[in-house]
Amino acid sequence: MKTSWRTAALVATAASVLALTTACGQDNVTPPASAAQNVGASASAAGIGTGLGSGNGYGADGAQASASPTPAAPAGKLTVATNPQLGNVLTDGSGLTLYRFDKDTAEPPKTNCEGDCATTWPPVPADDANAGAGIDKAMLGEVTRPDGTKQLTIGGWPAYRYAKDLNSGDVNGQGVGGKWFALAPNGKKASLSSLPGLSVRKDPKLGDIVVDKNGRTVYRFLKDKAWPKSVSNCTGACLEKWPAVAPVSADDTQGVKKKGLMPFTRPDGVKQMSVNCWPIYTFSGDKKPGDTNGQGVGGTWYAVSPEGKPIGAPAE
């Protein structure tokens, strides 16, 4: 494991979209990531809650816990989970959320959670931690705790689990005491701003679905066309109800199939994003990240799979 994250060199590999553009007969210019937004609507990110802790300041209940915490389980292969309210969240090999503490420091790495605090917030061991998909291994480091053990750091920040997170995907530690926050893969506090322009979220009912930069579900309209070129048949009042997703740079996506991932020009001259050459939209009836209220509407609107297929729709 590298002990210094400051030497990280982030290497961005830009995927070519020229060949894909020719296949769909569309524009061959991919806009910068900053251009990603919805046409005709704006989405506000919902918070996940305050996570208020108890009087001891770190979220433990009742009597003080033992000052000798049980040895923590190994970190294993770290992964990235997509939370509807928090965006990309770092998890351990068991799927448990990892957190950072505002009273710690990253430059230099230093932990200020000991004793009872470390029982409620078990430090993540550094020994066997390794980076999974979507995680820059140069972000992983370690810090020596006062008891001599090695604790994992992410971007310099000491990493912890939360004793009240019992299941994979739990984020009960978010915001506890106003000092504890879920970790993003780069060591920052997880937030929707950490989401790419398009990424994939696992929905409990629909499975893997595409979401936009605000965590909102992306949909397909069965009356649209993809071949020989992308054509949107959602105009006027339809477009107000189903805002078109604006162009997203191919390198500002995660988990979405690259082939056919490109913008096209609508009849009104506005550019719209497509997945596998199919136009994509969000739904005005989805009030917060994670909603899928547009699924199956009118028998023509369906959430989009990472391959661009309409999930749950009749066979194409």
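The values are calculated or read from the model by the stated rules, or taken from the named source; none is laboratory data. Keep in mind the model is a prediction, meaning the values are calculated, not measured. All Cβ positions, even for glycine, are placed from backbone atoms using ideal geometry, and neighbour counts span all protein chains on display. The area values use the complete protein model at the heavy-atom level, side chains included, leaving out ligands, DNA and RNA. Shrake-Rupley method; radii C 1.70, N 1.55, O 1.52, S 1.80 Å.
In terms of Cα to Cα distance under 16 Å, which aspartates and glutamates are near enough to K103, apart from those fewer than 8 places away along the same chain?
E114, D116
Show me, bin by bin at 5 Å from 0, the whole-percent P(r) of the range 205-252 based on Cα pairs.
5, 14, 23, 25, 23, 9, 1
For the range 258-311, take N as its residue count and report Rg(C-alpha) divided by 2.2 N^0.38 Å.
The range 258-311 yields a ratio of 1.21.
Determine ³J(HN,Hα), in whole Hz, for all residues of the range 223-235 in sequence, where each value follows from phi through the Karplus function 6.51 cos²θ - 1.76 cosθ + 1.60 and θ = phi - 60°; x replaces Gly and Pro.
With coefficients 6.51, -1.76 and 1.60, one gets 7, 6, 10, 10, 10, x, 8, 5, 9, 9, 10, 10, 9 Hz.
Identify all aspartates and glutamates with a Cα-Cα distance to K229 below 20 Å; exclude those on the same chain that are fewer than 8 residues away in sequence.
Filter leaves D27, D268, E307, E316.
Can you list the HN-Hα couplings for the range 244-250, worked out from phi with the Karplus curve (6.51, -1.76, 1.60; θ = phi - 60°), rounded to whole Hz and with x for Gly and Pro?
Couplings: 6, 6, 6, x, 10, 5, 4 Hz.
Just subtract the alpha-carbon distance of K188 and N172 from 0.36 nm times their residue separation and send over the number in nm, one decimal.
Between K188 and N172, full extension yields an extra 4.0 nm.
Taking the Cα of T300, stepping 7 Å toward and past its beta carbon, and measuring to each backbone N in the range 219-246: which are under 11 Å?
Only 221-224, 233-235, 238-239 fall inside the zone, counting backbone N under 11 Å.
Using the Cα centre of the range 106-258 as the reference point, and only Cβ charges (+1 on K/R, -1 on D/E), how large is the resulting charge dipole? Debye, rounded to the nearest 20.
Dipole magnitude for the range 106-258 comes out near 780 debye.
About the Cα centre of the range 183-316, what is the dipole size in debye to 20, counting +1 per Lys and Arg Cβ and -1 per Asp and Glu Cβ, all else neutral? Numbers along the way, then the final one.
Working: 20 positive and 12 negative charges, 31 e Å.
For the range 183-316, the charge dipole is close to 160 debye.
Rounded to whole Å, give me the distance from the Cα center of the range 191-225 to that of the range 104-174.
Rounded to whole Å, the Cα centres lie 29 Å apart.
Between K164 and K258, what is the FRET efficiency for a Förster distance of 45 Å, r being their Cβ-Cβ separation, to the nearest 0.05?
It comes to 0.70.
Report, please, the projected area of the range 185-284 averaged over directions, based on the convex hull of its C-alpha atoms, in nm².
Seen from a random direction, the Cα hull of the range 185-284 projects 7.2 nm² on average.
Protein chains only, probe 1.4 Å: how do L239, L198 rank by accessible area, largest first?
L239, L198
Once you have the Cα-Cα distance between C238 and V270, take 0.36 nm times their residue separation minus that, and quote the gain in nm to one decimal.
Extending this stretch completely gives an extra 10.0 nm.
Probe of 1.4 angstrom, ligands and nucleic acids ignored: what's the accessible area per residue over the range 144-195, in square angstrom?
Working: 2010 Å² over 52 residues.
Counting only protein heavy atoms, the per-residue value for the range 144-195 is 39 Å².
Could you check how much of the accessible area of the range 185-316 is carbon and sulfur, as a whole percent, using a 1.4 Å probe?
Working: 2860 of 5410 Å².
Using a 1.4 Å probe with all protein chains present, the range 185-316 comes out at 53 percent carbon and sulfur.
So which aspartates and glutamates can K110 reach, going by Cα to Cα under 19 Å and dropping same-chain residues fewer than 8 places off?
The qualifying aspartates and glutamates are D102, D127, E142, D147.
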